[in-house]
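Working notes for the structure below.
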Amino acid sequence: MRTIGRGEDPAADRPGIGGGLLEAVRGRLAEAGAEPTPARVAMALRAEGRLLGDAEVLGVVSALRSEMTGSGPLEPLITAPDVTDVLVTAPDEVWVDRGGGLERTPVRFADEAAVRRLAQRLASVAGRRLDDARPWVDARLPDGTRLHAVLPPVAVAGTCLSLRVLRPRAFTLAELVAAGTVPPDGDRLLRAVLDARLSFLISGGTGSGKTTLLSSLLSLAGPAERLVLAEDSAELRPDHPHVVRLETRPANQEGAGRVTLRDLVRQALRMRPDRLVVGEVRGAEVTDLLAALNTGHEGGSGTVHANAPCDVPARLEALGSTAGLDRAALHSQLAAALSVVLHLVRDRSGRRRLAQVDVLERDGDGFVVTVPAAAWSAGGFQEAPGWRRLMNLCERGRGPE
Ligand SMILES: Nc1ncnc2c1ncn2[C@@H]1O[C@H](COP(=O)(O)OP(=O)(O)O)[C@@H](O)[C@H]1O
Ligand SMILES: [Mg+2]
């Protein structure tokens, strides 16, 4: 297990300053409605009958301040350049992912209450409630960080906090090649798919890098094209001059005002998109998306959760059935709507990589199946049976030169 530097120590770890004392000082300052300045903290400590040196007082000040602003003891983790995920499973169990799988860090919270306070404060920054009546939250913080938290007793062992740090810009395709995510010979293929304006879905498991790859690919769209993005949580950050971003929202406390992905796809279609993008296809919006791709909206794209490319048709079927679209209807739309599936995997070392590119074909019964066209494994690139079809699609899409 590797560890990561902790930056500033939470004061609760310092000798002589226990969580109890911190709690008492916090309480006194809260009563007075005062900011934690060194003078006030020193006063509050004296009132608690404790005399501490300057360094300790400053330690308490910095612990209290980081609780009130930013992400408390998680701040140094979140701001580290290579950290993508910060996960808290217990006050003394804080994990990060820096691209190589989860690593435990030495960062500690004073106690369970401190984790809960941070989760609730972050939720309120995102304009959401998190309490016993609504014990989980899935929201985006103003800086783009994705917040998920669950309180006990739903989270059996205590407050669980997951933060996904948003990169300020998309990786370029060259960076993804350098990182080993896109194989060197995959670069040209992906560009050809984009240039031909083929509609595609990126499939893979959770955290396999689907959204990240989609951002990078959308950055390759022609500068004269208008991209309209519909997302549950605005995560895509294509580096492109013309992007319209739409985001769903939950109902307010009176149960009104909910905006679904399906609403967004319908609105997006009226906004003259050159490329309609559904961040993650996860529900009834699949029907609107397929209908759109069938009616002249080429070049659409999105991501979908699937553990293998061959599972994509069944996954879309399941999603379509939630909107009352039957299997035969879905498959007949799918065949015309979607051209390519790009599949990502996360291998055992934690590296995310493009593993396979599939094309879609109808089988003898008219159902859509995926056919591998290109695959990359430890042994390198392999052409697969769908290769010719993929090349034809790319040629046709580009039109006569
Ligand atoms: N190729 C990559 N190299 C390094 N980090 C990556 C890469 N792809 C994705 N990530 C990081 O992994 C996390 C999950 O990626 P994301 O694209 O959101 O996955 P998914 O959409 O499949 O759930 C993000 O924090 C992202 O910044
Ligand atoms: Mg995603």
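Residue-by-condition table, conditions (1) modelled with pLDDT of 80 or more; (2) open to solvent by 60 Å² or more (accessible area, probe 1.4 Å):
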{"site": "GLY27", "(1), (2)": "yes, no"}
{"site": "ALA30", "(1), (2)": "no, yes"}
{"site": "GLU35", "(1), (2)": "no, yes"}
{"site": "MET43", "(1), (2)": "yes, yes"}
{"site": "LEU52", "(1), (2)": "yes, no"}
{"site": "GLU56", "(1), (2)": "yes, yes"}
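How many residues are more than 20 Å from the chain's Cα centre (by Cα) and in a helix (DSSP H, G or I) when one looks only at the stretch 260-303?
Qualifying residue count, the stretch 260-303: 13.
Just give me the residues in the stretch 173-183 being surrounded by 14 or more Cβ atoms within 10 Å (Cβ to Cβ) and either more than 14 Å from PHE381 (Cα to Cα) or of a type outside the set (Gly, Ala, Ser) (or both), in sequence order.
Matches in the stretch 173-183: LEU173, LEU176, VAL177, ALA179, THR181, VAL182, PRO183.
Output the number of residues of the stretch 242-259 satisfying the condition of being of a type in the set (Val, Ile, Thr), closer than 22 Å to ARG226 by Cα and more than 18 Å from the chain's Cα centre (by Cα).
Going through the stretch 242-259 one residue at a time, the tally reaches 2.
For the stretch 319-332, give me each residue that is loosely packed, with under 13 Cβ neighbours inside 10 Å and aliphatic (A, V, I, L, M).
Scanning the stretch 319-332 gives a single hit, ALA328.
Looking at LEU64, LEU58, LEU87, which one is assigned to a helix (DSSP H, G or I) and under 20 Å from VAL115 (Cα atoms)?
One residue alone meets the criteria, LEU64.
Return the pairs, sorted by first residue and then second, in which the second residue is of a type in the set (S, T, N, Q), the first residue lies in the stretch 339-354 and is open to solvent by 40 Å² or more (accessible area, probe 1.4 Å), the beta carbons are less than 6 Å apart, and the residues are 6+ apart or on different chains.
Hits for this filter: ARG346/SER208; ARG352/THR181; ARG352/SER208; ARG353/THR181.
Within the stretch 58-91, can you find the residues that are more than 16 Å from VAL165 (Cβ to Cβ) and either within 21 Å of the chain's Cα centre (by Cα) or open to solvent by less than 70 Å² (accessible area, probe 1.4 Å) (or both)?
Once the filter is applied, which keeps residues that are more than 16 Å from VAL165 (Cβ to Cβ) and either within 21 Å of the chain's Cα centre (by Cα) or open to solvent by less than 70 Å² (accessible area, probe 1.4 Å) (or both), the stretch 58-91 yields GLY59, VAL60, VAL61, SER62, ALA63, LEU64, SER66, GLU67, THR89, ALA90, PRO91.
For every residue, the table says whether it meets (1) more than 27 Å from PRO313 (Cβ to Cβ); (2) open to solvent by 10 Å² or more (accessible area, probe 1.4 Å); (3) in contact with a Pro (Cβ under 8 Å, 6 or more places away or on another chain).
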site	(1), (2), (3)
ALA230	no, no, no
GLU235	no, yes, no
ASP239	yes, yes, no
PRO250	yes, yes, no
ARG266	no, yes, no
ARG272	yes, yes, no
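All but one of (1) at pLDDT below 95; (2) open to solvent by 10 Å² or more (accessible area, probe 1.4 Å); (3) in contact with a Gly (Cβ under 9 Å, 6 or more places away or on another chain); (4) away from ligand 1 (no atom under 16 Å from the Cβ) hold for ASP365; which doesn't?
(3)
I'd like to check which strands (runs of 3 or more DSSP E) are fully inside the stretch 319-394 and have at least 2 residues that are in contact with a Cys (Cβ under 8 Å, 6 or more places away or on another chain). Step through it out loud before you land on a result.
Details: elements: 340-346, 352-362, 368-377, 380-383.
In the stretch 319-394, 368-377 are the strands (runs of 3 or more DSSP E) which contain 2 or more residues that are in contact with a Cys (Cβ under 8 Å, 6 or more places away or on another chain).
Is it true that some residue in the stretch 137-145 is part of a loop (DSSP other than H, G, I, E, B), within 21 Å of the chain's Cα centre (by Cα), acidic (Asp, Glu) and at pLDDT below 95?
Checked the stretch 137-145: at least one residue is part of a loop (DSSP other than H, G, I, E, B), within 21 Å of the chain's Cα centre (by Cα), acidic (Asp, Glu) and at pLDDT below 95.
Looking for something part of a loop (DSSP other than H, G, I, E, B) and closer than 15 Å to VAL94 by Cβ - is there at least one such residue anywhere in the stretch 114-135?
Scanning the stretch 114-135 turns up no residue that is part of a loop (DSSP other than H, G, I, E, B) and closer than 15 Å to VAL94 by Cβ.
Among the candidates GLY186, GLY204, GLY209, single out the residue that is more than 8 Å from ligand 1 (Cβ to nearest atom) and either under 23 Å from the mean Cα position of the chain (by Cα) or open to solvent by less than 10 Å² (accessible area, probe 1.4 Å) (or both). Walk me through how you get there before you give the answer.
Values: GLY204 fails: more than 8 Å from ligand 1 (Cβ to nearest atom); GLY209 fails: more than 8 Å from ligand 1 (Cβ to nearest atom).
It is GLY186.
Just to check your reading of the model, which residue among LEU276, LEU293, LEU227, LEU220 is at pLDDT below 95 and away from ligand 2 (no atom under 16 Å from the Cβ)?
Only one candidate qualifies: LEU293.
Give me a count of the residues in the stretch 185-217 that are within 16 Å of ligand 2 (Cβ to nearest atom) and basic (Lys, Arg).
Residues in the stretch 185-217 being within 16 Å of ligand 2 (Cβ to nearest atom) and basic (Lys, Arg): 1 in total.
Can you spot a residue in the stretch 340-355 that is away from ligand 1 (no atom under 16 Å from the Cβ) and either in contact with a strand residue (DSSP E or B) (Cβ under 9 Å, 6 or more places away or on another chain) or basic (Lys, Arg) (or both)?
yes
The values are calculated or read from the model by the stated rules, or taken from the named source; none is laboratory data. All figures in this text were calculated on a predicted structure; none of them were measured in a lab. For neighbour counting, all protein chains shown are included, and Cβ atoms are generated from backbone atoms with ideal geometry for every residue, glycine included. Quick note on the areas: whole protein, heavy atoms, side chains included, nothing else; ligands and nucleic acids left out. Shrake-Rupley method; radii C 1.70, N 1.55, O 1.52, S 1.80 Å.
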